[in-house]
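For reference, the structure is listed below as structure tokens.
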Amino acid sequence: MNQPYKQPVDEQAPKNGGLALLALAISAFGIGTTEFVPVGLLASIASDLNIGITLAGLIISGYAIGVAVGAPILTALTNRMNRKTLLMALMVVFIGGNLVSALSTSFELLIAARFITAFAHGVFFSIGATIAVQLVPPHKKASAIALMFTGLTVATVTGVPLGTFIGQAFGWRATFFAVAALGIVSIIASFFLIPKDLKQSPPAKFSDMKKLLTNGRILLGFLITALGYGGTFVAFTYLTPIMQDVTKISPNLISIVLLVYGIAVAIGNWAGGKFANEDPAKALFYMFIVHAAVMIVMSFMIPFKIAGLIAIVMMGLLAFMNVPGLQLYIVQLAEKYVPAAVDVASALNIAAFNIGIALGATIGGLVADSIGLVHTPWVGGIMVILAVILTAVSRRLEAN
């Protein structure tokens, strides 16, 4: 997951700024698709590689750990590289990682390829927004960032179900080949459409990271991000096995359900931004309460087809609704306590989102192995309840 940056830009924006933003959005679409598409392929991958479904879940959690490591550290290490050159280098890593994933004959090779691919994800979203704001006049900065991140939303709505469909029709390897092809389109678009003379962002200093990571109020914000966002992934990581084995949905219909889920995610993202505009902490508190309730009730609904489908859509609606508020709240805390490191806080929050994904996916695997898939939603709900409590604590601290 990824946060907007507030960067100074020139008054004169490049003439082809709109097309350059499209190139960024295409890259975001490819990266967003590769992060979550294994959710629809987990059963197929597990069967083909002769591993358990829980072990296969590491394909998602391992990727998330790669993003968490890559976002702050590699962003700092590459801050002196030309922005266009770095973008294209990241897409080369992305293409290579997906090709190796497609050709993997062992689980070990697949997880290593996913981990390396995730490095490109972390750095791309750490620098992507800073590039986007240079492509438009100052009064259109927010719109530019929103357009770039549209690639992520579209990936959830169309990329994941389409990738699942390709995997079901031609095998899971075909999906990774298709995603690698998206990377080729992205690198071509970047070569022709991204300007060469982009400004370098202010260096992401390790000293700034230290200030952020030793501030208790901001650390509390990161923990809220990890728990509140990660709770969904206790169940979402194993959504395909849940639909097949618990809800008894036909495999042919799963890509359609994922499409509807993606639409719910898009609606939730939009609504969450509206709710969080004025007071993100207050909005998060109430979102998390409703989210936790839905996750807990979901365990009782998924054994039944109609009720289970309603619960899955509700989970999609609420799962990503908290993202805009979490983004804004971290920025506000950084502006208040470490104002020189707002951008670094954004990069670290990318890590927090993905630590949440890894934590949720790992807990979901343990639950599935020990007490069964049907219990993953309510356990995820407990994680979100912890986020409710911590949000209440944070609100009280900031009010004093």
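The values are calculated or read from the model by the stated rules, or taken from the named source; none is laboratory data. Quick caveat, the model's predicted, so the values are computed rather than measured. Ideal geometry is used to build each Cβ from the backbone, glycine not excepted, and the neighbour counts take in all protein chains shown. When the accessible area is computed, the model is the full protein with side chains, heavy atoms only, and any ligands, DNA or RNA have been set aside. Shrake-Rupley method; radii C 1.70, N 1.55, O 1.52, S 1.80 Å.
Near Asp245: Cβ cut-off under 15 Å, other residues only, Lys/Arg at +1 and Asp/Glu at -1. The net charge is +1. Each 20 Å bin from 0 upward holds the following percent of the Cα-Cα pairs of the chain: 30, 60, 10. Of the solvent-accessible surface of segment 293-333, computed with a 1.4 Å probe and all protein chains present, 86% belongs to carbon and sulfur.
Along its three principal directions, the equivalent ellipsoid of segment 16-193 from the Cα gyration tensor extends over semi-axes of 29, 17, 13 Å, largest first. In a DSSP loop and with at most 13 other Cβ atoms within 10 Å, the trypsin sites (Lys or Arg not before Pro) in segment 243-332 are Lys248.
In a simple Cβ point-charge model (Lys, Arg +1; Asp, Glu -1; nothing else charged), segment 217-322 has a dipole of about 40 debye relative to its Cα centre.
With contacts taken as Cα pairs under 8 Å and at least 6 residues apart, the chain reaches a relative contact order of 27 percent.
Among Ile306, Ile254, Ile224, the residue with the largest mean-square fluctuation in a Gaussian network model of the chain, with springs joining Cα atoms closer than 10 Å, is Ile306.
Here is the P(r) of segment 248-400: all C-alpha pair distances, binned every 5 Å from 0, give 2, 9, 15, 20, 21, 14, 9, 6, 3, 1, 0 in whole percents.
Membrane-span-like helices in the chain, defined purely by DSSP H runs whose alpha carbon atoms cover 24 Å or more axially and whose average Kyte-Doolittle hydropathy reaches 1.0, are 17-36, 58-77, 83-103, 107-132, 172-193, 254-276, 280-301, 342-370, 376-399.
Once you've got the Cα coordinates, tell me which of Lys210/Lys336; Lys84/Lys336; Lys211/Lys336 are over 22 Å apart. Going by Cα-Cα distance, Lys84/Lys336 fall outside the 22 Å limit.
A dipole drawn for segment 215-399 from +1 and -1 charges on Cβ atoms has a positive end, and of Val260, Thr237, Thr225 the residue lying farthest that way is Val260.
Between Lys305 and Asn50, what FRET efficiency comes out of the Förster formula 1/(1 + (r/R0)^6) with R0 = 41 Å and r the beta carbon distance, rounded to 0.05? Rounded to the nearest 0.05, the efficiency is 0.85.
Surface composition of segment 16-193: carbon plus sulfur atoms contribute 76% of the solvent-accessible area (1.4 Å probe, protein chains only, all chains present). Relative contact order, percent, of segment 16-193 when contacts are C-alpha pairs under 8 Å separated by at least 6 residues? Across segment 16-193, relative contact order equals 43 percent. Looking at segment 266-377, the accessible area is 39 square angstrom per residue; that uses a 1.4 Å probe and ignores ligands, DNA and RNA. Solvent exposure of segment 16-193, expressed per residue, is 34 Å² of accessible area, with all protein chains present and a 1.4 angstrom probe. Each of Leu373, Ile306, Gly70 was placed along the dipole of the chain (beta-carbon charges, centred on the mean Cα), and the one lying farthest toward the positive end is Gly70.
Summary of the geometry: segment 74-138 and segment 233-273, compared by the centres of their Cα atoms, lie 26 Å apart. Multiplying the residue separation of Val297 and Lys210 by 0.36 nm and subtracting their alpha-carbon distance yields 27.3 nm. Fully extending the segment from Asp245 to Asn277 would add 7.5 nm, taking 0.36 nm per residue of separation and subtracting the current Cα-Cα distance.
Each stretch of four or more DSSP H residues adds -39500 (n - 2.57); spread over every residue of the chain, this sum gives -25000 deg cm²/dmol at 222 nm.
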